[in-house]
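The values are calculated or read from the model by the stated rules, or taken from the named source; none is laboratory data. Because the structure is predicted, anything quoted here is derived from the model rather than measured. Every residue, glycine as well, gets a Cβ built from its backbone with ideal geometry; the counts of neighbours run over all protein chains shown. Just so you know, the surface numbers come from the protein's heavy atoms only, side chains and all, with ligands and any DNA or RNA stripped out. Shrake-Rupley method; radii C 1.70, N 1.55, O 1.52, S 1.80 Å.
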Amino acid sequence: MRMTADWTNDAAIERWNASATRESLESTADEGDFAKGHLVNPVLLRLLGDVRDQWVLDAGCGNGYFSRMLATRGARVVGVEPTDTMSAFAREKEDELRQGVTYVQADLARLPDLGVTFDAVVCSMVLMAVPEWKPAMRACVRALRPGGLFVFSLVHPAFERLLGSWREYGEHRAGRYLEPYEIPGPAATDFHRPISAYLNELAALGCRLREVVEPGLDPTVAAHAAPEIPGIEAYVHLPNFLIVAAEAPA
Ligand SMILES: C[S@@+](CC[C@H](N)C(=O)[O-])C[C@H]1O[C@@H](n2cnc3c(N)ncnc32)[C@H](O)[C@@H]1O
């Protein structure tokens, strides 16, 4: 197996590119998947606050669903996405909806000058997918105006196998946490790092932590979804996501 340190951003991006089917892009085009709809999007939107007339960068925007949600709320949005497949889909949606979202195809670690200083950058479910994540995080912070808001979400590094583990054992089990390792997934590979790695890098970039959220699923929503998603009650008791809001240096 390839070791974590052997991965390049290009290789990881190619995996994402190859895994994106038309069906998967379409089925998540409005508000992402079930977990994003119930656990991630409401928190991101609350943390971002009123985005009307704000310049917001959606860093690693995938099919662009969150860019479109932001544009609907009045934000001026730039979406950055490196894959051909997802960039093309996001642009196609823009051609259809004419919301004024600009899409740029780029690796965050090699972000070109976008010609805008952003009020907020949202980087949702991206950094754990990027081998060279520190330059990517740095680019997000540098894209902000002084004191601008950086919001990022991750699969919670302490509960990456939550659903699978819950289905197998009726509880969460993890055998390792401290060292980096790969998490091969159906779409692409994620890369585990402990929470401290992300928070310490944020501090090294001079950011001020504003809020950390570990959202839990509403039990009523879980009960409704249980017949279709076995083990979903795990999300009521344990957090599948870690969401961080921080301010760029003033
Ligand atoms: C789990 S998806 C999340 C996409 C979107 N933010 C969402 O929430 O639906 C991970 C995304 O990270 C993107 N990605 C991977 N490597 C990247 C890089 N080096 N720079 C920018 N985006 C990257 C992938 O192409 C993919 O769109």
Exercise. So which residues in segment 35-77 are within 12 Å of the ligand (Cβ to nearest atom) and not in a helix (DSSP H, G or I)?
Worked result: 57, 58, 59, 60, 61, 62, 63, 64
For this session: Restricting attention to segment 74-87, report how many residues are surrounded by 15 or more Cβ atoms within 10 Å (Cβ to Cβ), free of Cβ contacts under 8 Å to residues at least 60 places away in the same chain and not polar (S, T, N, Q).
Result: 7
Seminar exercise, completed: Conditions (1) open to solvent by 70 Å² or more (accessible area, probe 1.4 Å); (2) within 13 Å of the ligand (Cβ to nearest atom); (3) at positive phi -> residue 30 fails only (3)
Exercise. Of the numbered conditions (1) within 18 Å of residue 35 (Cβ to Cβ); (2) open to solvent by 80 Å² or more (accessible area, probe 1.4 Å), residue 243 satisfies every one except a single condition; which is it?
Worked result: (2)
Problem set entry | Residue that is most open to solvent (accessible area, probe 1.4 Å), among those in segment 110-129 that are charged (D, E, K, R) and away from the ligand (no atom under 12 Å from the Cβ) | 113
For this session: Among residues belonging to segment 140-164 that are open to solvent by less than 20 Å² (accessible area, probe 1.4 Å) and among the small types (Gly, Ala, Ser), point out the one that is farthest from the ligand (Cβ to nearest atom).
Result: 148
Seminar exercise, completed: When (1) open to solvent by 40 Å² or more (accessible area, probe 1.4 Å); (2) in a strand (DSSP E or B); (3) touching an Asp or Glu at 6+ places or on another chain (Cβ under 8 Å) are applied to residue 174, the one that fails is (2)
Seminar exercise, completed: In segment 1-24, residues that are within 10 Å of the ligand (Cβ to nearest atom) and either outside any helix (DSSP H, G or I) or farther than 24 Å from residue 192 by Cβ (or both) total 2
For this session: Might you let me know whether segment 199-214 holds any residue that is in a loop (DSSP other than H, G, I, E, B), closer than 28 Å to residue 232 by Cα and open to solvent by 30 Å² or more (accessible area, probe 1.4 Å)?
Result: yes
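I'd like to check something: does segment 96-109 contain any residue that is near the ligand (Cβ under 8 Å from one of its atoms), outside any helix (DSSP H, G or I), surrounded by fewer than 20 Cβ atoms within 10 Å (Cβ to Cβ) and free of Cβ contacts under 8 Å to residues at least 40 places away in the same chain?
Initial filter on segment 96-109 (near the ligand (Cβ under 8 Å from one of its atoms)): 106-109.
If we keep only those that are outside any helix (DSSP H, G or I) as well, we get 106-107.
Still in the list and also surrounded by fewer than 20 Cβ atoms within 10 Å (Cβ to Cβ): 106.
Going one step further and asking which of them are free of Cβ contacts under 8 Å to residues at least 40 places away in the same chain, we end up with 106.
Yes, segment 96-109 contains a residue that is near the ligand (Cβ under 8 Å from one of its atoms), outside any helix (DSSP H, G or I), surrounded by fewer than 20 Cβ atoms within 10 Å (Cβ to Cβ) and free of Cβ contacts under 8 Å to residues at least 40 places away in the same chain.
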For this session: Run down 16, 55, 7 and say which single residue is open to solvent by less than 40 Å² (accessible area, probe 1.4 Å) and either more than 13 Å from residue 153 (Cβ to Cβ) or in contact (Cβ under 8 Å) with a residue 60 or more places away in the chain (or both).
Result: 7
